[in-house]
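**Student:** Questions regarding the structure given below will be posed in turn.
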Amino acid sequence: MVQGPREESALDAAINIKKLVHQVTTGTLSNVFPASADDPPQLAPGVKITHRDENGDEFIPYKPKMEGRPFALPEYHAPCHSAPSLTFLILPISQSSKNILQHPHHYATYTLAEGVKKGETSMSSARVALIGNVTLLRDLSEEEETDLAECYLSYHPDARGWLPGKKGSPHFSEWARMDLEKIYYVGGFGDTHYIGDVPVGLYKKVSGDERFSAWS
């Protein structure tokens, strides 16, 4: 008897998520603009910003209301913390960091996607949304900072120039940990792949089980 493709289970999905987290370390960090995004710019006393058209006439530019709107850009992560947490470098100058840090709960969503395999389409590739909150790590020991730096650089050697405390770095940065509260997974097409929530506890269990490390 010829059998059709086996459908993915939540366990299969959790194993695939572990693979994505370790092998695809550039994703998309999503957040929302806070109310302060609509505040006028803070200027020095006596300073005024004017906008003029090509005829030299002053005008007020259109500025859409930004509070609550989604914002997303590519970002690095590294699996340097125990699952279900991820390691990030936060640069307060970035818009993503501003949005996250100004939210009272530091909420964020981080998405990862599998590369498109030959002969397949993007829609048949696995992707996952990791939903949680971000905590700045400001009380690390020197040993902890060294360990994080070594781990992070093993995934992103180009980040050496903007590590926390790096002399000559163009930007200030801080270590941060994203703790996951919800995971939503799309394995591909729904007839054979798992689509839906994956329990965070299941992902944590799989991540700590060496039986599921054959892919690494």
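The values are calculated or read from the model by the stated rules, or taken from the named source; none is laboratory data. Remember, predicted model here, so these are calculated numbers, not experimental data. Quick reminder, even Gly has a Cβ in these numbers, built from the backbone with ideal geometry, and neighbours come from all protein chains shown.
**Student:** Can you name every residue in the range 68-97 that is hydroxyl-bearing (Ser, Thr, Tyr), in a loop (DSSP other than H, G, I, E, B) and closer than 30 Å to Val206 by Cα?
**Tutor:** Residue satisfying the conditions is Ser82 alone.
**Student:** Checking Gly188 against (1) touching a strand residue (DSSP E or B) at 6+ places or on another chain (Cβ under 9 Å); (2) of a type outside the set (A, V, I, L, M); (3) modelled with pLDDT of 90 or more, only one condition comes out false. Which one?
**Tutor:** Unmet for Gly188, out of (1) touching a strand residue (DSSP E or B) at 6+ places or on another chain (Cβ under 9 Å); (2) of a type outside the set (A, V, I, L, M); (3) modelled with pLDDT of 90 or more: (3).
For every residue, the table says whether it meets (1) surrounded by fewer than 19 Cβ atoms within 10 Å (Cβ to Cβ); (2) within 16 Å of the chain's Cα centre (by Cα); (3) basic (Lys, Arg).
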residue: His105; (1), (2), (3): yes, yes, no
residue: Gly115; (1), (2), (3): yes, no, no
residue: Gly119; (1), (2), (3): yes, no, no
residue: Ala126; (1), (2), (3): no, no, no
residue: Asn133; (1), (2), (3): yes, yes, no
residue: Leu137; (1), (2), (3): yes, no, no
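**Student:** Which of the residues spanning the range 101-130 are of a type in the set (Ser, Thr, Tyr) and on the phi > 0 side of the Ramachandran plot?
**Tutor:** none
**Student:** Could I ask something else about it? Considering each of Ser169, Ser173 in turn, give the residue that is over 17 Å from Ser85 (Cα atoms), surrounded by 14 or more Cβ atoms within 10 Å (Cβ to Cβ), polar (S, T, N, Q) and more than 17 Å from the chain's Cα centre (by Cα).
**Tutor:** Being over 17 Å from Ser85 (Cα atoms), surrounded by 14 or more Cβ atoms within 10 Å (Cβ to Cβ), polar (S, T, N, Q) and more than 17 Å from the chain's Cα centre (by Cα) holds for just one of Ser169, Ser173, which is Ser169.
**Student:** A follow-up question, please. In the range 147-187, which residues are in contact with a Lys or Arg (Cβ under 9 Å, 6 or more places away or on another chain) and outside any helix (DSSP H, G or I)?
**Tutor:** Once the filter is applied, which keeps residues that are in contact with a Lys or Arg (Cβ under 9 Å, 6 or more places away or on another chain) and outside any helix (DSSP H, G or I), the range 147-187 yields Lys166, Ser173, Glu174, Trp175, Leu180, Tyr185, Val186, Gly187.
**Student:** So for the range 200-215 (the condition being in contact with a Phe, Trp or Tyr (Cβ under 7 Å, 6 or more places away or on another chain), at pLDDT 95 or above and either closer than 21 Å to Ser82 by Cα or small (Gly, Ala, Ser) (or both)), does at least one residue qualify?
**Tutor:** Start the filter on the range 200-215 by keeping residues that are in contact with a Phe, Trp or Tyr (Cβ under 7 Å, 6 or more places away or on another chain), which leaves 206.
Then drop every residue that is not at pLDDT 95 or above, which leaves none.
No, there is no match, as no residue in the range 200-215 is in contact with a Phe, Trp or Tyr (Cβ under 7 Å, 6 or more places away or on another chain), at pLDDT 95 or above and either closer than 21 Å to Ser82 by Cα or small (Gly, Ala, Ser) (or both).
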